[in-house]
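Data first, discussion second: the structure below is written as structure tokens.
Rule-based calculations on the coordinates, nothing more; no lab input. Model, not experiment: these values are computed from the prediction. Virtual Cβ from ideal backbone geometry, glycine too; neighbours counted across all protein chains shown.
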């Protein structure tokens, strides 16, 4: 599932720099991870999926479903608590199901959140950030040449690509870490701020008014 | 990072299950770089994978950090202990066994609970096979690569 977005519409993630999105992700993942209300956590995953789609990022629903189902299934192996059902001889116990659902939502939710907030064009500050920027420069250069890989001579063709990238040298000026993103605007940043405020508010509300595990 | 991208494109049933081809640069760098620089390569690899795959804020990143650093330390130790008596195939297998064990232990805590022991045997078996294949590739690449020879000369 992949969608585009209108440039005249302000959407979270569509009009923000990679640095702003990184900061947004850093602020979003603590309240998500600390969220103990399963229904709310599920709702937040839906929100992250929607903002991912609106930002034009691909969403692999089938992969998420397989990951989610796999984690829940493996957790059901160890039975704890009362038996809720026993389809095909597999006893589904309450404790195991709760544990599986919490771990599966954490896994899938963090992947979706991370995909929204981490962009390949992100340049981190400092010495390590500079080295990563340089590595990404080489990565892009090599990826541009990947069609030259010959299955009959994988080592030779990879070697030729590495030699040509090495011969082309480093860029005179690596992309600046603080350069403004061409499409970033105040409304784009405000949309991210609303998203962060919404998540923290929901987290605070569930702390003040905790609900039973299964909601209701 | 190029190898990380290739690895990222390979469909996986579970995101942190990796075939390990991104370890190839680390394997080749073992005899080329001093320990601090080798660990820097590992750090750049895991952060680069997190950026390219967009997984920097997820458990996948934690698995990558745990697996990559444990594997790198194990490979270094194997090289120090056995020197030239161990090939890159052996070094790769040692790295994969330790790296995958670290990931299984992490999966036990974070994701699967006791169910992690069920995936351990196939995970370790697949890791060993791919590490052997990767080690063979690394041996051949080290012997044939003009690029690597050039890097060695300038090092």
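The mean sequence separation of alpha-carbon pairs under 8 Å and at least six residues apart, normalised by the residue count of chain B, gives a relative contact order of 25 percent. Scaling the Cα radius of gyration of the range B:15-155 by the globular reference 2.2 N^0.38 Å produces a ratio of 1.05. The mean number of partner chain beta-carbon atoms within 10 angstrom of a residue's beta-carbon across peptide B:38-44 is 2.
Sorting A:73-84, B:23-34 by their mean Cβ neighbour count within 10 Å, with the most densely packed peptide first, gives B:23-34, A:73-84.
Inter-chain Cβ neighbour count for A:65-73, averaged per residue, equals 3 (cutoff 10 Å, partner chain atoms only).
Report note on the peptides A:121-133, B:142-154: ranked by the mean count of other C-beta atoms within 10 Å, highest first, their order is A:121-133, B:142-154.
With one equal scatterer per alpha carbon and no solvent term, the Debye-computed log10 I(q)/I(0) for the range A:127-168 at 0.28 1/Å reads -0.92.
Sort A:193-201, B:111-119 for me by packing, meaning the mean count of neighbouring Cβ atoms within 10 Å per residue, highest on top. Display every interim value, and only then the final one.
Values: A:193-201: 14.8, B:111-119: 19.4.
The densest-packed peptide leads the list: B:111-119, A:193-201.
How many Cβ atoms of partner chains, on average, are near each residue of B:139-146 if near means within 10 Å of its Cβ? Walk me through the numbers on the way to the answer.
On the way: counts 0, 2, 5, 1, 1, 4, 6, 5.
That average works out to 3.
Considering only B:73, B:82, B:61, the mean-square fluctuation computed in a Gaussian network model of chain B, springs between alpha carbons under 10 angstrom, is largest for B:82.
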